[in-house]
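Shown next, in structure tokens, is the structure this report addresses.
Please treat every number below as a calculation from the coordinates, not as lab data. Keep in mind it's a predicted model, so treat the numbers as computed, not measured. Virtual Cβ from ideal backbone geometry, glycine too; neighbours counted across all protein chains shown.
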Amino acid sequence: MKESAAPVVPDPTSPLPKSRQVREMFARIAPTYDLLNRLLSLGVDQRWRAYAVERLTVPSPARVLDLCGGTGDFAGQLLRKRPRDTVHVADFCEPMLRKARERFGTEHGVTCGDALRLPFEDGSFDSALCGFGVRNWSDLEAGLLETRRVLRIGGEFALLDFFRAGTSLSDRFGRFYVHKVLPFVGGLVSGNREAYRYLADSMDGFCSVDQFVRRAEGVGFSVKIRKRFFLGLCWLLVLERR
């Protein structure tokens, strides 16, 4: 496929805010997003999501928010494991949400909204999920505070994401994969290699998992689970709202 000539990754020289640049990027790759997740991870991303859901200890039925939920992939995994839960998918990219609406119809909620300004009341949810979206927040502390606000006391926040790699051999191999393999394959299938270069660039510009944990604890979360996957690049964190 021919690559798009338009810029689709956050550009510090652009007059557009990062949030708008990221939203436009995901709008462009929305049609092939789920397919590429399966292809680029060899299906392992589904096991990561299933593992995360299985670690939730909040009793079912529960009210669960899927933050940066996109096509509803994480929410779908939740409902396969916990069919009595009620899920609400929130994402600021409307094209990503079209598949979520097809998946869930009117049985579950789907909202186009920003994770930094959620349209929900305090303590609305028992749990929250976020699959590979925290790294895209333009203000990490604001996103953590907003997530904490909409969770009840004792509520859980399970997130999967790629944090800045360390210097070990496995970390260096993982960085090679995301810097070279992901952009090549992602560009081949989606026609937009720059969008998949963003994954590597956003990892390099993100905090380490230790730094993230300190910031989460600083705004009122405690860490219940910390699990490393895939060469140390992907982590599961389950946080509890104090």
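Length gain on complete extension for the stretch residue 112 to residue 181, per 0.36 nm per residue less the alpha carbon to alpha carbon distance?
Contour length minus the Cα-Cα distance gives 21.7 nm.
How much FRET efficiency would the formula 1/(1 + (r/R0)^6) give for residue 204 and residue 50, where r is the Cβ-Cβ distance and R0 is 25 Å, rounded to 0.05?
0.30
So how much slack lies between residue 226 and residue 102, counting 0.36 nm per residue of separation and subtracting their Cα-Cα distance, in nm?
41.3 nm
Along the Cα-to-Cβ line of residue 149, 7 Å from the Cα, sits a label point; which residues in region 72-106 have backbone N less than 20 Å from it?
Within reach of a label on residue 149: 88-93.
How much net charge surrounds residue 99 when only the other residues with a Cβ under 10 Å from the Cβ of residue 99 are counted, with Lys and Arg +1 and Asp and Glu -1?
Combined, the nearby Lys, Arg, Asp and Glu give 0.
Please identify every one of the GluC sites (Glu not before Pro) in region 45-151 that sits in a loop by DSSP and has no more than 14 other beta carbons within 10 Å of its own beta carbon. If you can, show how the numbers build up before the last one.
Values: sites: 54, 102, 107, 121, 141, 146; in loops: 107, 121.
Filter output for region 45-151: 107, 121.
In whole Å, what is the distance between the alpha-carbon centres of region 204-242 and region 127-163?
10 Å
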